[in-house]
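Data block below; observations after.
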Amino acid sequence: MFNCQMTFKMILNYPKVCVCKDKTVYVYFYLNDKRYRLYNGNKIGKKIFPNSYPINQRRGIAEQLAQEIYLHLINNDYCFKKELLKNELELFDFLLDKKLKEHLSDKYKSTISSIAKDLRPQVKAYKTIPIEFSNKYLSKYKNSTSFNTLRRHLNAFLSHLKQNGFPVEISSLKPKNKLKNYTNQ
C-alpha cells in the first residue's frame with residue numbers, strides 16, 4: 001500500500017514486450033519474484049493503451065509503456081500506486097491500524113496502542129518521531145527487563161512505520177544488561 005520498500009533489496013528486471021498470436025501486446029516483468037503482465041498504463045496512472053493502436057504501431061507503444069512502467073517503479077519505491085494521505089498524522093494512524101489488524105496477541109496490541117498514544121503528539125508536532133524522544137521515552141524505565149521489553153516493542157513498531165514510508169529513526173539505545181557481573185575478591 002505505502003512505500004513497498006522493505007529491508008531487503010528490491011529486485012526488478014526491465015519490462016519486456018510480448019506479442020500474442022492474436023497480435024495483442026503486453027508488457028511483462030518480475031518484481032521480487034512476482035510476475036506482472038500489463039496490457040495498458042492504468043496501474044501507473046498513465047493513459048497508454050498499446051492495443052488500441054494499429055497492429056504495426058503496437059510494439060513501439062508497448063516499448064514506451066515498458067519504459068514508463070520501469071521509471072515509475074524506480075521513482076516510487078518499487079510501488080505501482082502510492083495512496084497519498086493528507087499528512088504524516090494520517091499516515092501514522094493508518095499504519096497503526098494496519099499493525100493492529102495483524103495477527104498479534106491482545107497484550108502486544110495493547111502495548112503497541114499505548115506506545116502509539118505516546119508517540120502521536122510527536123508526530124503532530126514534528127511530523128516525525130525524533131530519535132531523541134524515543135531514546136528519552138525508553139530511559140524512564142529503570143528496570144532492565146521492562147526497558148528491554150519496551151525497547152524491543154518500540155523498535156518493532158518504529159521499524160513497521162519506517163518500512164511503510166513513515167520518516168522515523170529507530171532508537172539508538174542498546175539493551176540493558178539483566179545481570180550484573182559480580183566477581184569474588
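Miscellaneous remarks
One line per residue, one yes/no per condition, for (1) modelled with pLDDT of 80 or more; (2) charged (D, E, K, R); (3) assigned by TED's automatic domain parsing to the domain that holds K109:
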| residue | (1), (2), (3) |
| --- | --- |
| P130 | yes, no, yes |
| Y137 | yes, no, yes |
| L154 | yes, no, yes |
| L158 | yes, no, yes |
| V168 | yes, no, no |
| P175 | yes, no, no |
| K178 | no, yes, no |
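- Pairs with Cβ under 7 Å, 6+ apart, first in segment 166-180 and closer than 16 Å to E132 by Cα, second modelled with pLDDT under 80: none
- When segment 1-20 is limited to residues that are among the aromatic types (F, W, Y) and at pLDDT below 50, the one that is surrounded by the fewest Cβ atoms within 10 Å (Cβ to Cβ) turns out to be F8.
- Which listed residue, of Y108, Y141, Y126, is closer than 20 Å to N177 by Cα and among the aromatic types (F, W, Y): Y141
- Residue in segment 119-128 that is exposed (fewer than 12 other Cβ atoms within 10 Å of the Cβ) and charged (D, E, K, R) present: no
- Identity of the residue in segment 100-118, farther than 18 Å from K162 by Cα and surrounded by 13 or more Cβ atoms within 10 Å (Cβ to Cβ), that ends up modelled with the lowest pLDDT: L104
- Verdict on D97 being modelled with pLDDT under 95, surrounded by 13 or more Cβ atoms within 10 Å (Cβ to Cβ) and among the acidic types (D, E): no
- Looking only at segment 56-72, and only at residues there that are aliphatic (A, V, I, L, M) and touching a strand residue (DSSP E or B) at 6+ places or on another chain (Cβ under 9 Å), the one that is surrounded by the most Cβ atoms within 10 Å (Cβ to Cβ): A62
- Failed item in (1) in contact with a Leu (Cβ under 9 Å, 6 or more places away or on another chain); (2) surrounded by 13 or more Cβ atoms within 10 Å (Cβ to Cβ); (3) of a type outside the set (A, V, I, L, M, F, W, C), with S159 passing the rest: (1)
- Of all residue pairs spaced 6 or more apart or on separate chains, those with beta-carbon atoms under 9 Å, a first member in segment 59-70 that is closer than 21 Å to D22 by Cα and a second member that is surrounded by 16 or more Cβ atoms within 10 Å (Cβ to Cβ) and among the small types (G, A, S) are L65/G41.
The values are calculated or read from the model by the stated rules, or taken from the named source; none is laboratory data. Keep in mind it's a predicted model, so treat the numbers as computed, not measured. No Cβ is skipped: glycine too gets one built from the backbone with ideal geometry, and neighbour counts run over all protein chains shown.
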